[in-house]
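Some notes on the structure that comes next.
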Amino acid sequence: MQDALRLYRAYAAASIRGQLQYRASIVMAAIGTFVATAAESVAVWALFDRFGQIHGWTLPQAALLYGMISVSYAVCDVLGRGFDAFGAMVKAGDFDRVLLRPRSTVLQLIGQDLVLRRLGRLIQGLIVLGYAVTVGTIDWTIARAALLIGAIGCGVCAFLGLLVLQATSAFWTVDSLEVWNAFTYGGLMMGRYPMPIYRRWFRTVFTYVFPLACVNYLPAVAILGIGAPAITGWLAPLAGPVFLVVSLQLWRIGVRHYRSTGS
Amino acid sequence: MTGGALRPYRAIISARFRMLLQYRAAAIAGLWTQLVFGLALIMIYQALYRSSPAAVQPMAFAQLASYVWLGQALLAMLPWNVDAEVRDMVRSGAIAYELARPVDLYGLWYARAVAQRTAPTVLRAAPMVVFAGFVLPLLGAADWQLAPPPSLAAGAGFVAALAAALALSCAISVLVNISLMWTLGSDGVVVLFTTTVALLSGLMIPLPLFPGWAQGALGWLPFAGVFDLPFRIYAGHLAAGDLAIVLARQLGWTVALIALGRWLLGRGMRRVVVQGG
């Protein structure tokens, strides 16, 4: 485990050093990502400015949902580039090299690239989260703060699990499929609003298939102290790590199934 | 211009069009994603409408639903990405060959943009319209559907405004491609541009939902002409009588942006540096 961590640090340092060779380009790209995500917040703000609330949730309350899911996704986005680009890797036959090295494939892929420009998204998410936690709608206790941090961590696991599944599908289709975007970007958008506004089948998919509500809506309800028995909100986030573990099992099956394209 | 002078551009459009039609798998995957997006957006707007007084609702929910589906169906028409081939040409230096072609360069790039904006749209729009217009009502979600335009005049007006929107969208697309000559395809600049278009065209949220004080400025910017204005004519939110003003705005911006693009392209080409050998 320690060995793995040391290796990851070495990978990350190499990736960061490489990117810092093009400092101006990275800064520009990070600013671009920041503005792009900020524009989405502007759109959400405009909706609350006009309509006041959605299903009883006000802007500061919805900002908690928004901040939690944005930060979770952004962390996963920074880490997960290797899985994200996995389709291209399979196509080019480059995965053979990964298999040859005596280290876990997952570690190598996560360590492959730490995309600094995606920090723009993380910073934007943290700003929204900062607004949500300081605006005064939440009656803070140590336990609630711990739940917030834990739920965000579990959210990172959920999104990573999705990324692993997306990469796993490339073993069979030899290309990363855009179909997964419906869950990642679709989930990122729908997670900004309280779950009860969606139809039952939609909620089922985003709770039991891809456990987005478990790491976002349910803990947020517990943190805000509104409705629903709090215990659900405390236990639900664990679905995130469970989802990741299941995805990694499928990944192992995929690795065994792998046949090089030979190119 | 005579028909003969236009022939090379028609040939470019049709060749690029046929090439872009090959990306069917991407279109199907994109379609699925946009379907989920469309459904989520409709549920969000419906919740907003249910929990607010009618006074703050700038358009009827049925109109809003049509607006959302048109946006998802016509997404590929939005000038939101660069032409990957032009980017590669700028980076590799192959752009020098473009200068050797016996046609007007701006016209050539505009023709490429026409194909880039129509081929993927044709692939994606038809199935989306079938789903939103016919399948949704069958599934018992008639209030979510893409309703037909309220009158023949609205339908005809939409067709005219959509044609003008395409001309405008292509003018903006070419401008973005020209900007590559200065930025060499830097991700940051492209993302900034994409965001501006998504926010101000009505894709992110329908423009009538923005605060009242912003409406004037939003309507006069070129981006509204690409999505928002044609969609509102379709839904009957703008009267068919407003068509003349809409077309004037769209075509006015198209002419202005084409002039700007020609000027910038001329300047860019004078300072073109061929990268590598």
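A few notes on this one:
- A:A46 meets each of the listed conditions (1) within 14 Å of another protein chain (Cβ to nearest Cβ); (2) not in a helix (DSSP H, G or I) apart from (2).
- Filter result for the condition that a residue is within 9 Å of chain A (Cβ to nearest Cβ) and either aliphatic (A, V, I, L, M) or in contact with a strand residue (DSSP E or B) (Cβ under 7 Å, 6 or more places away or on another chain) (or both), over B:V191, B:V174, B:V197, B:V226: B:V191
- Annotation for the stretch B:79-97: no member residue is within 14 Å of chain A (Cβ to nearest Cβ), closer than 26 Å to A:G187 by Cα and either of a type in the set (S, T, Y) or in a helix (DSSP H, G or I) (or both).
- Residue, nearest to the other protein chains (Cβ to nearest Cβ), within the stretch A:192-217, restricted to residues that are crowded, with 18+ Cβ neighbours inside 10 Å and farther than 23 Å from A:W180 by Cβ: A:I197
- Residue in the stretch A:62-76 that is more than 9 Å from every other protein chain (Cβ to nearest Cβ), out of contact with any Ser or Thr (no Cβ under 8 Å at 6 or more places or on another chain) and surrounded by fewer than 18 Cβ atoms within 10 Å (Cβ to Cβ) present: no
- Qualifying positions in the stretch B:161-187 - surrounded by fewer than 16 Cβ atoms within 10 Å (Cβ to Cβ) and either at pLDDT 95 or above or in a helix (DSSP H, G or I) (or both): B:A163, B:W182
- Whichever residue in the stretch B:200-219 is in a loop (DSSP other than H, G, I, E, B) and within 9 Å of chain A (Cβ to nearest Cβ) and, among such residues, is nearest to B:Y67 (Cα to Cα): B:I205
- Test: B:G216 is in contact (Cβ under 8 Å) with a residue 60 or more places away in the chain, over 28 Å from B:N177 (Cβ atoms) and not β-branched (V, I, T): no
- Against the criterion of being out of contact with any Pro (no Cβ under 7 Å at 6 or more places or on another chain) and without any contact (Cβ under 8 Å) to a residue 60 or more places away in the chain, B:Q46 does not qualify.
- Matching option when the condition is touching a strand residue (DSSP E or B) at 6+ places or on another chain (Cβ under 8 Å) and either of a type in the set (A, V, I, L, M) or farther than 24 Å from B:L41 by Cα (or both), among A:I197, A:I152: A:I197
- The single residue among A:I149, A:I142, A:I231 that is surrounded by fewer than 22 Cβ atoms within 10 Å (Cβ to Cβ), at pLDDT 95 or above and over 20 Å from A:S41 (Cα atoms) turns out to be A:I149.
- Of all residue pairs spaced 6 or more apart or on separate chains, those with beta-carbon atoms under 6 Å, a first member in the stretch A:107-132 that is on the phi < 0 side of the Ramachandran plot and a second member that is among the basic types (K, R) are A:D113/A:R81; A:V115/A:R81.
- Among the residues making up the stretch A:5-34, those that are in contact with a Ser or Thr (Cβ under 9 Å, 6 or more places away or on another chain), facing chain B (nearest Cβ under 10 Å) and touching a residue at least 40 places away in the same chain (Cβ under 8 Å) are A:A29, A:G32.
- Residue count for the stretch B:220-266, restricted to those that are assigned to a helix (DSSP H, G or I), among the small types (G, A, S) and surrounded by fewer than 21 Cβ atoms within 10 Å (Cβ to Cβ): 8
- Residue within the stretch B:24-37 that is charged (D, E, K, R), within 14 Å of another protein chain (Cβ to nearest Cβ) and part of a helix (DSSP H, G or I) present: yes
The values are calculated or read from the model by the stated rules, or taken from the named source; none is laboratory data. Bear in mind that the values here come from a model prediction, so they are computed numbers and not experimental data. So basically every Cβ, Gly included, is an ideal-geometry build from the backbone, and we count neighbours across all protein chains shown.
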